Each structure stands twice: as C-alpha cells, then as structure tokens.
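Trainee: Here it is, the structure, as structure tokens.
The values are calculated or read from the model by the stated rules, or taken from the named source; none is laboratory data. In this text, all values refer to a predicted model and were calculated from it rather than measured experimentally. Quick reminder, even Gly has a Cβ in these numbers, built from the backbone with ideal geometry, and neighbours come from all protein chains shown.
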Amino acid sequence: MRLALNIFARSIVLIALVASPASGADLTLTTFGAFTGQANIALQASGNIIFAGGAMTLPALPSGTPTGQLLVQAGNDIILQNNTVITAGTGWSVPSWPEPILACPAR
C-alpha cells in the first residue's frame, strides 16, 4: 500500500526504512515514546510496518498545537499484532487517503 504524504502542521518526525526489494525491510514499533512532543509522525518502510506493543499511546500534542497526524506508509502490509491497541488523545488523526490505512478483511 502506497499513500501520498500530506503534511500540514509544524514539526515532522520521519522514520524511514528503505532497503532492496529482496530484503523486505520491516519496521516494528513497540512504543511511541520516542515521539514525545511531536505533532506529525510519519512511519515508512519498504516492507511491513508492525505494531507490537500491547497498549500503545500516541504522545500528548505540544502546547498550542490543535491537531496531530500519524501517517503510516508500507510497501507491503500494516500489521497490528494480537492484543495491540493504539490510542490517541483529542486532535490526533490517521489519514485514509486514497484508501483506508487500517482495514480488517471480510471473513
């Protein structure tokens, strides 16, 4: 899944993991602790992005910042492992253009 990067606010934190297609580089997150004080977080990987931290909470938005954005771009899949929950306070968004980022397949 490839999504366009649409940044509209102040500071941006970008974690990018780019590798050759043969290596299928994955990015695994277990916490959002490294993003304290950030209003825009962009996670990118050429392989999968895996959320595996149990209860993961996006950091509080900086003072005076009304909105924040978590953008997730993966060359393959975006995976929430079992028992992983991502929570966010008021003002956070996960854009879904051009199609939903996180979706559950029909069974």
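Trainee: Which of (1) more than 13 Å from L29 (Cα to Cα); (2) outside any loop (DSSP other than H, G, I, E, B); (3) in contact with a Gly (Cβ under 9 Å, 6 or more places away or on another chain) is the odd one out, the single condition G89 does not satisfy?
Mentor: (2)
Trainee: Is it the case that some residue within the range 16-29 is touching a Pro at 6+ places or on another chain (Cβ under 7 Å) and at pLDDT 90 or above?
Mentor: No, because not a single residue in the range 16-29 is touching a Pro at 6+ places or on another chain (Cβ under 7 Å) and at pLDDT 90 or above.
Trainee: Okay, next question. Name the single residue that is surrounded by the most Cβ atoms within 10 Å (Cβ to Cβ) among those in the range 58-90 being over 22 Å from N48 (Cβ atoms) and in contact with a Lys or Arg (Cβ under 9 Å, 6 or more places away or on another chain).
Mentor: T65
Trainee: Name every residue in the range 24-57 that is of a type in the set (S, T, Y) and buried (at least 17 other Cβ atoms within 10 Å of the Cβ), in order of residue number.
Mentor: S46
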